[in-house]
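In what follows, a single structure is set out as C-alpha cells and then discussed.
Coordinate-derived values only; no laboratory data. Since this is a predicted model, take the numbers as computed values, not measurements. Cβ coordinates were reconstructed from backbone atoms using ideal geometry, including for glycine residues, and neighbour counts include every protein chain displayed.
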Amino acid sequence: MSISVRIPTILRTYTGGESEVSATGATLAEVLDDLEANFAGIKGRILDDNGALRRFVNVYVGNEDVRFLDDLATPTPDGAQVSVIPAVAGGC
Amino acid sequence: MSAVVSESTQVATPAHELRDGAFGHATGLSCRECGHQVALGPHYACPECFGPLEIAYDFPAVTREQIEAGPANIWRYKALLPVPSDIESSPNMEPGFTRLLKADNLGRALGIDNLWVKDDSTNPTNSFKDRVVACALSAAREFGSKVFACPSTGNLANAVAAAGARAGIKTVVFIPSNLEKPKQINSAIYTDSLVAVNGNYDDVNKLASEIAGEEDGWAFVNVNVRPYYAEGSKTLGYEIAEQLGWRLPDQIVIPVASGSQLTKVHKAFQELIKLGLVEDKPYKVYGAQATGCSPVSVAYKAGVDAIRPVKPDTIAKSLAIGNPADGIYVLDVCRQTGGAVEDITDDEVRDAIVLLARTEGVFTETAGGTTVGVLKKLVETGQLDTSLETVVINTGHGLKTLDAVADVVGARATIEPNYAAFRDSGIV
C-alpha cells in the first residue's frame, strides 16, 4: 500500500529536503508510524505529547481535512495523497 | 520552550539580502505558542510546534505628536509596524485613517447611549484588507518577491490585486469559484490572474499553502508573509484610540473569520497602553460570527478551548472560514476582557445591513451586517452594557455583496408619473 505524503517546508529538514515522500499504512496513524521509521523525529512534530494532531497543523487525505473524517484513524487507501500543512487562514 | 533563533530549520530563507531597517523596529519572529524565535524572513509557522509566528519588536519611544504629524493613512503608525522608515517613498495604496462615525441614530435604535462605527469601507478597495495588504506588500518588496498572491474570500483578493497593480508586481489571486460576482469583478479588474477554485475557502487556503511551499519568490500575503500582513490590522485599533482623543473605548465588537483582526486590535490597544499613548483601562472585546460558520462562538458558548472546524454555510462569505487559525486566541481575548463571542442567522445579517444603512447611511457588506447584528443581539441578551462607550467595526462595503440584500429591499411602490398616483401610493 503506497501512500504519497506532501511535506511542508518546515519539516523538510527531516526528509532531506524532499517535498513529497512515500509511506505505507492502512490508516493515517500507520502512515505516520511509517514516516517516523524512515525519518526519525518527524512524527513528534505532527503529533503532540498526547499523540493527537497538533493544534496548528492540518492533515488532509485527498482533499479532505482528517478532522472531518476519522482523524488519525482515517483510512489511507493505496495511492492516497496525504498532505501536511501548517494552519493559516485569511478573512477578518 | 526555546529562545534560540533558528534559521536552519526554515528552508525558505530568502536569497535576497535584506537591507538595514527593512522591517523597522521588528527584531524577529516569535512563536505565539511556544516562544521559539525565528529570524525575520517569509516564515509563518513555528518549526518546533507549527504555532503561528508573530512579529517581535523593540519599540522606540513614540509620542502622540509624532504620530499626529504623520500622513493621514496607516503609515502615521509606521514606527509600530514591520515596515521601513522610508515606506512612504514606495508606491502603495495608502489605506487607513478611515472615518469614525458617531452613530447616534443606530445607538437610539439599539438602545446604546454612546456608539461609534469605525467605517473601513472607505479604504481604497473598500475593505479593511487594504491595511494588511499594505504591510504585506512592504514585506514582499523587502524580500524581493516576484509574485504577490493570496487565497481569499473576496476582499483580500481585491486589495492584493489593486496593491500589486499600483506597485508594479505580478499578482495571482485565488478565490472560491462560487464567490459573489461583484467581488470577482473587483479583483479581475486589477489583475489578469484571478484563479477560481472549485471548493470552499478552506480548500483554496490549502491549495495556496501548498503552492507557497513549492514556488520560490511568491509572497502569499496571508500565508508565508502572514506575520507582517497581520500587523496591518493593528492600525484599526490605533486609529480608534487616536480618533477618540487618545482613549480606548469601553467595548468593541469585531467580526471573526480567522480571528486575526480581533486579536490584533486587542494587541494594538495593549501596545498603546504599554507605550503610554493611552491611559490603561479595562475594555471588553466581543467577537461576531454568522451562525452558518460559527466555530468560535460555539466553542465560547460551550466553555471549551478547542475549536472544532465546520463546513461553512452562510451568506457572510468573508467570514466563512470553517477552520479559523486564530480562533483560540479570540476566545482568550474575549474571555480575558469580559466580552463574549456571539452569532446570528443570515436573516439577521440582512436585517442588520438594512438597519445600519437606514440609520447611519452606511452600506455595509455581509461581514459588517454580521457585526452590527451581533451588537444588536448582545444588547437584547443583556451581554453588553448599553451605558458604556461602544465601537462597532464595519469591515467592508455593501456594493460588494449586493446579492445578499437584493431580495429584501426594493421599490415600495411602482406608480404612474402623476401626482394623484403618488398620493394614492401611501408613501405619505
key: Amide proton proximity set for B:Trp116, modelled H, under 5 Å, gap of 5+   = B:Ala103, B:Thr390, B:Val391, B:Val392
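Calculate the translational D of segment B:59-205 in whole µm² s⁻¹ from Stokes-Einstein, where the hydrodynamic radius comes from the Kirkwood formula applied to all Cα pairs, the temperature is 4 °C and the viscosity 1.567 mPa s. Numbers along the way, then the final one.
Values: Rh = 16.8 Å.
Rounded to a whole number, D works out at 77 µm²/s.
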ask   = Once both axes come from the Cα atoms, what is the angle between helix B:155-167 and the longest principal axis of chain B, in degrees from 0 to 90, rounded to 10?
value = 60 degrees
query = Can you give the direction-averaged projected area of the convex hull of the alpha-carbon atoms in the protein assembly as shown, in nm²?
reply = 25.8 nm²
ask   = Using only helices, what value at 222 nm comes out for chain B when you add -39,500 (n - 2.57) per DSSP H run of length 4 or more and divide by the total residues, to the nearest 500 deg cm²/dmol?
value = -10500 deg cm²/dmol
Overall Cα dimensions of segment B:23-135 - principal axes, largest extent first, Å = 51, 34, 30
request  = Collect residues whose amide H, placed 1.01 Å from N in the peptide plane, falls under 5 Å from the amide H of A:Thr27; neighbours closer than 5 in sequence don't count.
outcome  = A:Thr76
task = Grab the beta carbon distance between A:Thr15 and B:Thr386, set R0 = 56 Å, and tell me the FRET efficiency rounded to 0.05.
result = 0.45
ask   = What are the radius of gyration and Dmax of chain B, computed over its Cα atoms and given in Å?
value = 21.4, 81
request  = Let me know the mean shielding of A:4-15 by other chains, meaning the per-residue number of their Cβ atoms within 10 Å of its Cβ.
outcome  = 5
task = Report relative contact order for chain B in percent, whole number only (criteria: Cα-Cα under 8 Å, sequence separation at least 6).
result = 15 percent
inquiry  = When only alpha-carbon atoms are used, what values of Rg and Dmax, in angstrom, describe chain A?
reply    = 12.3, 42
note = Most exposed first, judged by fewest Cβ atoms within 10 angstrom, B:Cys31, B:Cys46, B:Cys334 run B:Cys31, B:Cys334, B:Cys46
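DSSP loop chymotrypsin sites (Phe, Trp or Tyr not before Pro) in segment B:184-268 with at most 15 other Cβ atoms within 10 Å of their Cβ, which ones?
On the way: sites: B:Tyr190, B:Tyr201, B:Trp218, B:Phe220, B:Tyr228, B:Tyr229, B:Tyr238, B:Trp246; in loops: B:Tyr190, B:Trp246.
The qualifying sites are B:Trp246.
I need B:Ile87, B:Ile254 ordered by Cβ neighbour count within 10 Å, fewest first. Spell out each step's value before the answer.
Details: B:Ile87 19, B:Ile254 30.
By the 10 Å Cβ count, ascending, the order reads B:Ile87, B:Ile254.
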request  = Mind putting together the pair-distance distribution for segment B:123-229? All Cα pairs, 10 Å bins, whole percent per bin, short to long.
outcome  = 17, 55, 27, 1
note = Kirkwood calc, segment B:317-428, C-alpha pairs only, radius in angstrom 16.4 Å
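Provide B:Val221, B:Val173 in ascending order of the number of other Cβ atoms located within 10 Å of each residue's Cβ, fewest first. List each step's numbers first, then the result.
Numbers: B:Val221 33, B:Val173 29.
Neighbour counts put them in this order, fewest first: B:Val173, B:Val221.
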query = Can you give the mean number of other chain Cβ atoms that lie within 10 Å of the Cβ atoms in peptide B:40-53?
reply = 5
key: Spatial separation of Cα centroids for segment B:398-428 and segment A:27-92, in angstrom   = 54 Å
request  = Please report, in whole Å, how far the alpha carbons of segment B:80-141 spread along each principal axis, starting with the longest.
outcome  = 47, 23, 15
Net charge over other residues, Cβ less than 12 angstrom from the Cβ of A:Val82 (K, R count +1; D, E count -1) = -4
ask   = Between B:Arg19 and B:Thr345, what is the spin-label point distance in nm, taking each point 7 Å from the Cα along the Cα→C-beta axis?
value = 5.6 nm
note = Mean Cβ-within-10 Å packing, highest first, puts peptides B:261-271, A:10-20, B:409-419 in the order B:261-271, A:10-20, B:409-419
Whole-number D in µm² s⁻¹ for segment B:220-287, Kirkwood Cα-pair radius fed into Stokes-Einstein, 25 °C, 0.890 mPa s = 199 µm²/s
